[in-house]
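Here's the structure, in structure tokens; my notes come after.
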Amino acid sequence: MEIIYNKGKFYIKNYQKEYKFLQDLGILVKKDNSIVRIPFEFAIYLHKTKIGTLPKTVIELLNKEYHPQISFVRKPFPHQELALKRLYKFKSSALLLEMGTAKTKITLDLYKIRKKYNNVKRMLVVCPISCIQVWKNESRKEGLTFFSLRDSKEDPNIAIHYSYDVFAINYEMLKKFISKIKKKTRYKLEPKIHIGKETMLVFDESSKIKNPKAMRTKMALELAKLTPYKHILTGTIVGNDLTEVWSQLSIISDAFNNDYTVYHNFWRFRRQLFMQDFFNRYLIKPKNEIAVDFIESVLTTKAFTYTKKQMKLPPMLYETRSMALTEEQRRAYKQVKNDLLTEFEEGVLEVKNTAIKLMKLAQITSGFVYVDDKVKIFRRGAKEKMLEDLLEEIQSPKIVIWKHFKEDMPIIIETIKRSGRTPVPIYTASDFSQEEFNASKEGVLIANPQSVGYGNTINASIVIFYSNSYSYFDREQAESRTNRAGLNFSCTYIDLIAGSIDQHILELLKSKKSIDDEIKQKGIKKLLEII
């Protein structure tokens, strides 16, 4: 099959014998020998699989190395230079680097190159709240001016036109950019502002917009239509469900945002490449190997991928500390477990609520329980004792403690004070100063991964997980705060285990499995028996 290239666009001749294959790929074709336009990524896929042949001129352009020149304020790592050479070829791309491999600096250098060659005038970063301070710090290190739209009292539509290099806004504030107009039973999103072709748009931790039904995702996709220069940054583009790639790829890929393939619509994308289990409509599986191969090809066509193993960062060491529950905790644990079994037998406990109910058991192992909507703290609970022993044992003056429940905070603070150390509690992302903590000689940082676990670099060699959630993303993000480019010491991660629910959560996190899949595979009753 010959691939035709004309004025930056790709075409193929749709012969009768290729009709079924092209239809299976998701290209909108007719049963005739017509010329059909295909996205760039499709052309690359057909060439890679030797089904089609790209013109020599196109192959030469793809293989050509670009060496854009800028004065680096900070010398880049070798993988950062490679990323710049590759990504500069494309107006839109994906930076698929694991947390801690310095995605932020690569993006800022890419912006400086584009600005030097008059491609763009400004950069707008959409990121989690906790990452705004990181972008501010990194921008200033690179000699770039920075403006936080989240902290500004100005109307974002006016502020975006200030003379700054980097603007940042969190995902939750996207609604200030977009006006929502209701038409009958459907919503139409319309941008309030015109970002324009001179703006480089960056979605940091793009897994935040993996859900195509979420309003923030719809707003992000609407914003992405305004400029050709757009990039997604993430180390975990796919979690447990391969369909999660759709919204992220829709931002950067021609294959997902045009009208000549089925993929411009999420439901058609899912119907084309995936099948639903007959007995469980929530279990989505690829129809065949072509689906997985095609998505992987699209992912890597305009992407730079790099892992911590390639970077050879210091090793990550893991330990667990275990202790039996106190008698009071054991009675409460048994009571909650029996209540859950009763709910299951009576048909009240549903699959979608099981994970939430199981966390009641994790609350007990953490050291508290809710009785008649009032919190009861267990006196000298198992984890409290373990933490107390650890603080006496650990020589390092700086420690990080990650916790999941807000009720954990007072227990941890009191335990730290009794040990003679200084607690540094973080309640919201705005409470945390990376520079201040890293410059301090001592202190025990206490935080939830969702508030501080994104983007920050934390200088500490001991990390304690007091309590975990079922979220693999939160766990991976939390671990990566102390295992990053620029840190040259190994870090020890210690999990506190005070019951079979803690062990179960940890095993799921290690296997990268979803609690929903676990419930579907084992069944609620068997799962309750295990924990």
Inset, instruction - Residues that are crowded, with 18+ Cβ neighbours inside 10 Å, touching a helix residue (DSSP H, G or I) at 6+ places or on another chain (Cβ under 9 Å) and hydrophobic (A, V, I, L, M, F, W, C): find the strands (runs of 3 or more DSSP E) completely inside the stretch 311-402 holding 2 or more of those. - result: 368-371, 398-402
Inset, instruction - For T217, indicate whether it is more than 30 Å from V73 (Cα to Cα), hydroxyl-bearing (S, T, Y), assigned by TED's automatic domain parsing to the domain that holds T234 and surrounded by 14 or more Cβ atoms within 10 Å (Cβ to Cβ). - result: yes
Legend entry - Which numbered condition T305 misses (of (1) outside any helix (DSSP H, G or I); (2) modelled with pLDDT of 90 or more; (3) closer than 22 Å to Y472 by Cα): (2)
Inset, instruction - Report yes if D516 is under 19 Å from K403 (Cβ atoms), in the same structural domain as Q335 (by TED's automatic domain parsing) and of a type outside the set (F, W, Y), otherwise no. - result: no
Inset, instruction - Give, as residue ranges, the strands (runs of 3 or more DSSP E) completely inside the stretch 1-82 that count at least 1 residues that are in contact (Cβ under 8 Å) with a residue 60 or more places away in the chain and either surrounded by fewer than 14 Cβ atoms within 10 Å (Cβ to Cβ) or not polar (S, T, N, Q) (or both). - result: 35-38
Inset, instruction - Please state which one of N468, N456 is over 22 Å from L508 (Cα atoms), crowded, with 21+ Cβ neighbours inside 10 Å and in contact (Cβ under 8 Å) with a residue 60 or more places away in the chain. - result: N456
Legend entry - Search result, residues across the stretch 123-137 that are buried (at least 22 other Cβ atoms within 10 Å of the Cβ), closer than 17 Å to Y162 by Cα and not β-branched (V, I, T): M123, L124
Inset, instruction - Evaluate the stretch 471-479: report whether one residue or more is crowded, with 17+ Cβ neighbours inside 10 Å, at pLDDT 85 or above, part of a loop (DSSP other than H, G, I, E, B) and of a type in the set (G, A, S). - result: yes
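Condition check ((1) over 14 Å from the mean Cα position of the chain (by Cα); (2) not in a loop (DSSP other than H, G, I, E, B)) across all residues:
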residue: M219; (1), (2): yes, yes
residue: L223; (1), (2): yes, yes
residue: T227; (1), (2): yes, no
residue: G235; (1), (2): no, no
residue: V238; (1), (2): no, no
residue: T243; (1), (2): yes, yes
residue: Q248; (1), (2): no, yes
residue: I251; (1), (2): yes, yes
residue: F256; (1), (2): yes, no
Inset, instruction - Among what's in the stretch 83-104 and is assigned to a helix (DSSP H, G or I) and not hydrophobic (A, V, I, L, M, F, W, C), pick the residue that is surrounded by the most Cβ atoms within 10 Å (Cβ to Cβ). - result: K103
Inset, instruction - Among the residues of the stretch 419-450, write down those that are in a loop (DSSP other than H, G, I, E, B), touching a Ser or Thr at 6+ places or on another chain (Cβ under 9 Å) and surrounded by fewer than 18 Cβ atoms within 10 Å (Cβ to Cβ). - result: T422, Y427, T428, S440, E442
Legend entry - Residues that are surrounded by fewer than 21 Cβ atoms within 10 Å (Cβ to Cβ), closer than 20 Å to H231 by Cβ and touching a residue at least 40 places away in the same chain (Cβ under 8 Å), drawn from the stretch 138-169: K141, E142, Y164, D165
Inset, instruction - Check the stretch 102-112 and report whether any residue there is at pLDDT below 80 and over 30 Å from R271 (Cα atoms). - result: yes
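The values are calculated or read from the model by the stated rules, or taken from the named source; none is laboratory data. Model, not experiment: these values are computed from the prediction. Every residue, glycine among them, receives a Cβ derived from its backbone with ideal geometry; neighbour counts consider all protein chains shown.
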